[in-house]
Amino acid sequence: QVQLVESGGGLVQAGGSLRLSCAASKRTFSRYAMGWFRQAPGKEREFVAAISWSGGSTIYADSVKGRFTISRDNANRAVYLQMNSLKTEDTAAYYCGAKPTYYSSDVFEDFDSWGQGTQVTVSS
């Protein structure tokens, strides 16, 4: 498994931007697809975005398409989520996950390592 640490969350006004980062411990980081999920209070964890091992393939939830961008830096063992045009409904704890295969997925059960989460709060 991979140890993951998220950062970059905070309080932002609607329409603003945040960039989340996820640092990974494992030297074989480049063999993992990575993803971001989020969980709002009282709701199940939901898929946000995922990226393949090389960064060449990305997938997004419909709710964030065109606003969020996932990227990765294998040399620095990090994955990022750039969030623009934030809405109040984006308020949630955001979790970084690692999937032990090359190709990305939007299925929660495919990911076997998780960070502790970082809170994003969007005010109106």
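The values are calculated or read from the model by the stated rules, or taken from the named source; none is laboratory data. Treat the numbers as computed from the prediction; the structure is a model and nothing was measured. All Cβ positions, glycine included, derive from the backbone under ideal geometry; neighbour counts span all protein chains shown. Accessible surface is based on the protein model in full, side chains and every heavy atom, while ligands, DNA and RNA are left aside. Shrake-Rupley method; radii C 1.70, N 1.55, O 1.52, S 1.80 Å.
Couple of notes before you dig in:
- Taking the DSSP beta bridges with both ends in the chain, the antiparallel portion is around 90 percent.
- Carbon + sulfur, % of accessible area of the chain - ligands and nucleic acids excluded, 1.4 Å: 46
- With eigenvalues of the C-alpha gyration tensor scaled by 5 and rooted, the range 1-48, Å: 24, 15, 9
- Distance between the C-alpha centres of the range 11-46 and the range 68-98: 4 Å, rounded to the whole angstrom.
- Mean separation of Cα contacts under 8 Å (6+ apart) over length of the chain, as relative contact order %: 37
- Heavy atoms of Leu11 accessible to a 1.4 Å probe, total area in Å² rounded to 10: 130
- Three semi-axes describe the equivalent ellipsoid of the chain; taken as square roots of 5 times the Cα gyration tensor eigenvalues and ordered largest first, they are 23, 14, 13 Å.
- Shape call, the range 67-115: gyration tensor on alpha carbons, a/c limit 1.5: oblate
- Val120 long-range amide H proximity, modeled H, under 5 Å: Gly10, Ala92, Ala93, Tyr94
- At a probe radius of 1.4 angstrom, the accessible area of the chain per residue rounds to 51 square angstrom.
- Around Gly55: net Lys/Arg minus Asp/Glu count, Cβ-Cβ under 9 Å: 0
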